[in-house]
Amino acid sequence: MSVRLVVTLNAAPGKGSELARVFRDSCAEVMQEPGCEQFQVFQSVLNPDKLALLELWTDQAALDVHAKVNTTRAPLPEGLHVGGGEREDYEYNRVR
């Protein structure tokens, strides 16, 4: 069953565009991972320092592999974000 992640990130004041750029650069790389169907970052129009990362994985196993790969990636540059972000997981159930 597909797993949808919605991750909300808060950039440091005035750093939203820079943080979005960092995530956009990694999106193409993550999209090459097995089981990744979507990995996109969106920047709020009303609050440019708020970002939403939308992920869609074919199943929990693919997401678990992604989590392991993430431990090998360089951390985000210092001073770009505030807090650890907030993650919500959803299961995708097609109704039609």
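The values are calculated or read from the model by the stated rules, or taken from the named source; none is laboratory data. Just so you know, these numbers come straight off a predicted model, no measurement behind them. Please note: Cβ atoms are built from the backbone with ideal geometry, for glycine as well, and neighbour counts cover all protein chains shown. Only protein heavy atoms, including side chains, enter the accessible area calculation; ligands, DNA and RNA are left aside. Shrake-Rupley method; radii C 1.70, N 1.55, O 1.52, S 1.80 Å.
Can you say whether Leu63 is touching a residue at least 60 places away in the same chain (Cβ under 8 Å), crowded, with 17+ Cβ neighbours inside 10 Å and assigned to a strand (DSSP E or B), as far as the supplied structure shows? Spelling it out, it is not the case that Leu63 is touching a residue at least 60 places away in the same chain (Cβ under 8 Å), crowded, with 17+ Cβ neighbours inside 10 Å and assigned to a strand (DSSP E or B). Does Leu5 satisfy the condition of being farther than 15 Å from Leu80 by Cα and surrounded by 14 or more Cβ atoms within 10 Å (Cβ to Cβ)? It is true that Leu5 is farther than 15 Å from Leu80 by Cα and surrounded by 14 or more Cβ atoms within 10 Å (Cβ to Cβ). Determine if the range 27-34 includes at least one residue that is outside any helix (DSSP H, G or I) and of a type outside the set (D, E, K, R). Yes.
When residues in the range 66-83 are screened for being modelled with pLDDT of 95 or more and open to solvent by 70 Å² or more (accessible area, probe 1.4 Å), 1 of them pass. Residues in the range 21-48 that are open to solvent by less than 60 Å² (accessible area, probe 1.4 Å) and either over 22 Å from Gly83 (Cα atoms) or touching a residue at least 40 places away in the same chain (Cβ under 8 Å) (or both): Val22, Ser26, Val30, Glu33, Gly35, Cys36, Gln38. From the list Glu86, Glu18, which residue is in a helix (DSSP H, G or I), open to solvent by 60 Å² or more (accessible area, probe 1.4 Å) and either in contact (Cβ under 8 Å) with a residue 60 or more places away in the chain or in contact with a Cys (Cβ under 6 Å, 6 or more places away or on another chain) (or both)? Unique residue meeting the criteria: Glu18.
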